[in-house]
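In what follows, a single structure is set out as structure tokens and then discussed.
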Amino acid sequence: MASPAVMAQMARVVDTNQEGLHFQGRLGAEHDSNVLRVGSGAESDTAYTAGVGLTYNKQFSLQRIRANIQADAWRYSDHSELNFNTINYGLAWDWSITPRLHGTVSADRKQFREVTTDPVTFTNRIGRRTERNELAEGAFDIAGPWRVMAGVSHYRTSSTEPFSWDASPDITYGQVGVGYQAASGSSFALRYKRGKGEYKDASFGTLNTDFDDDEIEATARWSVTGKTTIDARLAHVKRDHDNAPVLDFSGMVGGISATWDITGKTSLVAGYQHDLSATGLVTGGKVESDRFFLAPVWHATAKTSFNLRYDYTQRKWKDTGAAIAFANRTEKIEAIQAGVDWEALRTITVSGYIRQEKLRSSVNAGYRANVFGVLARANF
């Protein structure tokens with residue numbers, strides 16, 4: 001569940017489907033009316049960003065290598081404590097020993113700014129959140145479109161600030177499953193995942209937070225037409241803590257997203273996600289998160305396109321214990337961004353955007369921020 005700050009703080013998405021090796025360079029500036037995300041006494045600041053990156057996509061016989069690596073630096077005019085450098089990447093090897101025995105080894109990392117709430121002062125703090133995923137999975141085609149699968153995966157989040165909303169879990173899974181791959185591109189998979197993990201958030205102190213994570217997951221991709229694809233996931237999660245049963249929780253999670261090329265000039269991506277996580281509180285409980293996003297694009301001319309993105313996230317803290325200050329805590333985060341991309345030259349694109357972010361919280365005054373930015377990108 002990503003913060004709306006991802007829309008600006010992460011490296012801009014590049015097309016990783018381009019064959020061969022490609023390099024990018026970026027320079028930009030962003031003005032923020034409430035850089036510290038406070039409810040009153042807002043301070044504005046201007047940040048400057050620079051970055052480099054590369055993408056690589058190449059087929060070698062039955063093997064395909066894919067890579068997208070982006071390095072960025074952010075520097076603020078007045079609040080130097082917010083300066084940071086980051087490297088975001090997505091790496092994958094689609095391997096195949098025979099046409100029937102194949103799989104994927106992949107790793108990705110995303111880092112971005114996030115806002116956390118101090119449980120003592122109830123003020124907002126700016127930190128950096130990092131999310132990592134690693135996967136090694138193989139599949140064997142047993143009969144026609146049917147296959148069996150097995151693998152291992154690792155998921156970890158971390159934050160520079162304590163009391164991150166999901167308690168910064170670190171989980172390693174073993175997984176097995178069956179799948180179906182149709183000639184049309186539609187697919188279905190059912191997996192059982194057994195994980196061992198712990199929470200890395202400093203808010204737990206010396207409490208032993210080791211846990212077992214059991215998950216039954218169904219995923220599907222439906223190629224409705226050549227222009228429309230729907231992805232869906234539904235799973236049941238059960239997390240048990242032998243040394244701290246008060247932290248146990250379980251429930252259904254999942255989501256659905258759609259990609260629709262409406263016309264030759266317009267497209268739309270939309271989705272909904274429901275998730276469960278730990279609270280980071282020693283009294284236990286869970287956080288229920290619901291997120292909706294909508295992102296249309298209009299290619300007005302061969303060189304100019306307009307984009308709009310709306311993100312809405314709601315989180316509810318449940319079963320935390322009636323005596324604590326975070327009991328029945330809720331927060332709603334909204335962000336709407338409008339932008340334009342102009343291909344000034346064949347290798348250079350200039351983008352401008354305006355964004356508004358809002359937080360409404362039951363434990364503090366929330367915040368409102370208006371952001372304006374410009375970014376130039378070179379692609380070779």
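Here is how the numbers come out for the structure above:
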{"read-out": "Leading residue at positive end of dipole, the chain (Cβ point charges), from G280, T123, L101", "value": "L101"}
{"read-out": "Distance from the range 65-140 to the range 282-297 (C-alpha centre basis), Å", "value": "18"}
{"read-out": "Radius 9 Å from Cβ of E288, net charge of other residues (Lys, Arg +1; Asp, Glu -1)", "value": "+2"}
{"read-out": "Sites A50 and V176 - FRET efficiency at Förster radius 51 Å, r taken between beta-carbons, to 0.05", "value": "0.70"}
{"read-out": "Simple label model, 7 Å out from Cα along Cβ direction - V120 to D94, nm", "value": "5.2"}
{"read-out": "Residues T206, T259, sorted so that the one with the fewest Cβ neighbours within 10 Å comes first", "value": "T206, T259"}
{"read-out": "Exceeding the 31 Å Cα-Cα cut-off - candidates K265/K332; K318/K358; K227/K318; K200/K227; K193/K265; K196/K318", "value": "K265/K332; K227/K318; K200/K227; K193/K265"}
{"read-out": "Dipole magnitude of the chain, debye to nearest 20 (Cβ charges: Lys/Arg +1, Asp/Glu -1, about Cα centre)", "value": "880"}
{"read-out": "At R0 = 45 Å, FRET efficiency that the Cβ-Cβ distance of I354 and T160 yields, to 0.05", "value": "0.95"}
{"read-out": "Cα→Cβ-extended label distance, 7 Å offset, between D242 and K303, nm", "value": "6.6"}
{"read-out": "Residue (of V246, F204, I262) at the positive-pole extreme of the range 178-303, dipole from beta-carbon charges", "value": "I262"}
{"read-out": "Computed label-point distance, nm, for sites D214 and Q18 using a 7 Å Cα→Cβ extension", "value": "4.8"}
{"read-out": "Pair-distance profile P(r), taking every C-alpha pair of the chain, with 10 angstrom steps and integer %", "value": "5, 20, 31, 27, 15, 3, 0"}
{"read-out": "Dipole magnitude (debye, nearest 20) for the range 120-256, charges at Cβ of Lys, Arg, Asp, Glu", "value": "540"}
{"read-out": "Estimated FRET transfer efficiency when R0 is 45 angstrom, pair N83-Y272 (beta carbons, to 0.05)", "value": "0.80"}
{"read-out": "Dipole moment magnitude, nearest 20 debye, the range 108-165 about Cα centre, only Lys, Arg, Asp, Glu C-beta charged", "value": "200"}
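Each reported figure results from applying straightforward, stated rules to the coordinates on display, with no laboratory input. The shown structure was predicted, so the numbers you read here are calculated from the model rather than taken from an experiment. Using ideal geometry, Cβ is built from the backbone for each residue, glycine included, and neighbour counts are taken over all protein chains shown.
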